[in-house]
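**Student:** Pasting in a structure now, in structure tokens, and then I'll have a few things to ask.
The values are calculated or read from the model by the stated rules, or taken from the named source; none is laboratory data. Treat the numbers as computed from the prediction; the structure is a model and nothing was measured. Cβ coordinates were reconstructed from backbone atoms using ideal geometry, including for glycine residues, and neighbour counts include every protein chain displayed.
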Amino acid sequence: MPALEQLRGLTNYTMKYLFLIVGFISFGFATIAQDLEPKGKIKEPKGFGDNMHNAFVMGRLKKATAQRDSLNELAIRYQKDTTQRGIRYRELDSTHRYWLGRYDALNTKYKGLQGDYNEMNDKYTQLIQSSLSRTEQLNLALKQKSELLLERERKLAELEAKLRKQDSLTQALNNTIKRALLGFDSDEITVEMKNGKVYVSMSDKLLFKSGSANVEDKGKEAIKKLADILNKNSDVSIMIEGHTDNVPIKTAQLADNWDLSVARATNIVRLLDETYKVDATRLTAAGRGEYMPRAKNETSEGRAKNRRTEIILSPKLDELYNLVGW
């Protein structure tokens, strides 16, 4: 992470320096171009001297133009490279935070097992103080400690195996959904994996008309493709979340953005259940209104990003909960 931050800072510094150079060259080019007419270039050259003067001035102009174009091309390449590095940085940062969360969960379980160990250790002490012979006390205590340690190791190994399997299945689901939805534009649908869940985000321009909760035909096409995959993966819970921007709405059917977000989520749930036969026990509808924005609402682009419906796919964790005793 520190190396990524240093690389990002160095790249930003390089870009600022390069654009500064381009600015100075462009300014110089403009000045030269301004000076060529009428101060530099002689409009009606007379004799060899005037022609040589004009040739010299045009040579300087061509050289300045070439330098400006070269630096502009270099700046564009650096800007593209910086964007790619930023995307990679965010991917690595998300992965890092995800595994930190996994580590914390396992560490919490470890502390619980450590408590069990301490409890057994107390029992061992009590046995030492009982009427049993010292040999019997030691043999019994050692046996209990050994069994406890073996059980703890077994549970940790089983939990790690379950987590790895769950990650693999979730990643496979993420890849399958991405392939199924390749026919849609990136500003209509995005698919990403975060914190062990798959997030399918659909823009309102794909699903709904402005201010409406009725799903459009193109949106139904996307929902059907997703439903086909969900019907083949029954061990996945499905949360439908409606999101809006902060522009107020009030109609005869909808009191505000809360109503709109809930109505949109509910209509998609009904579509999955009634039309595409996804098991209703796996479905949950939620309205978030304007209160979980992806971007600032001060611009039209930001508001467009906030008007979305997110379909969050979570693996069922019943086996993991039973394993850790939750």
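**Student:** For residue 62, state whether it is of a type in the set (D, E, K, R) and modelled with pLDDT under 85.
**Tutor:** Numbers: of a type in the set (D, E, K, R): yes; modelled with pLDDT under 85: no.
No.
Yes/no per residue for (1) farther than 21 Å from residue 195 by Cβ; (2) assigned by TED's automatic domain parsing to the domain that holds residue 193; (3) of a type outside the set (D, E, K, R):
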{"position": "112", "(1), (2), (3)": "yes, no, yes"}
{"position": "116", "(1), (2), (3)": "yes, no, no"}
{"position": "124", "(1), (2), (3)": "yes, no, yes"}
{"position": "127", "(1), (2), (3)": "yes, no, yes"}
{"position": "138", "(1), (2), (3)": "yes, no, yes"}
{"position": "145", "(1), (2), (3)": "yes, no, no"}
{"position": "151", "(1), (2), (3)": "yes, no, no"}
{"position": "164", "(1), (2), (3)": "no, no, no"}
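**Student:** Quick test for you: out of 103, 78, pick the one residue that is surrounded by fewer than 12 Cβ atoms within 10 Å (Cβ to Cβ) and among the hydroxyl-bearing types (Ser, Thr, Tyr). Break it down stepwise before answering.
**Tutor:** Numbers: 78 fails: surrounded by fewer than 12 Cβ atoms within 10 Å (Cβ to Cβ).
Answer to the check: 103.
**Student:** Oh, and also: Would you check which residues across the stretch 133-168 are farther than 18 Å from residue 110 by Cα and surrounded by 14 or more Cβ atoms within 10 Å (Cβ to Cβ) and list them?
**Tutor:** Restricting attention to the stretch 133-168, the residues satisfying the condition of being farther than 18 Å from residue 110 by Cα are 133-144, 165-168.
If the condition is that a residue be farther than 18 Å from residue 110 by Cα and surrounded by 14 or more Cβ atoms within 10 Å (Cβ to Cβ), then 137, 138, 140, 141, 144, 166, 167 are the ones that fit.
**Student:** Still on this structure, please answer the following. Give the residue, chosen from 178, 143, 155, that is in contact with a strand residue (DSSP E or B) (Cβ under 6 Å, 6 or more places away or on another chain) and in a helix (DSSP H, G or I). If you could, list the steps in order and put the result at the bottom.
**Tutor:** On the way: 143 fails: in contact with a strand residue (DSSP E or B) (Cβ under 6 Å, 6 or more places away or on another chain); 155 fails: in contact with a strand residue (DSSP E or B) (Cβ under 6 Å, 6 or more places away or on another chain).
Every option except 178 fails the conditions.
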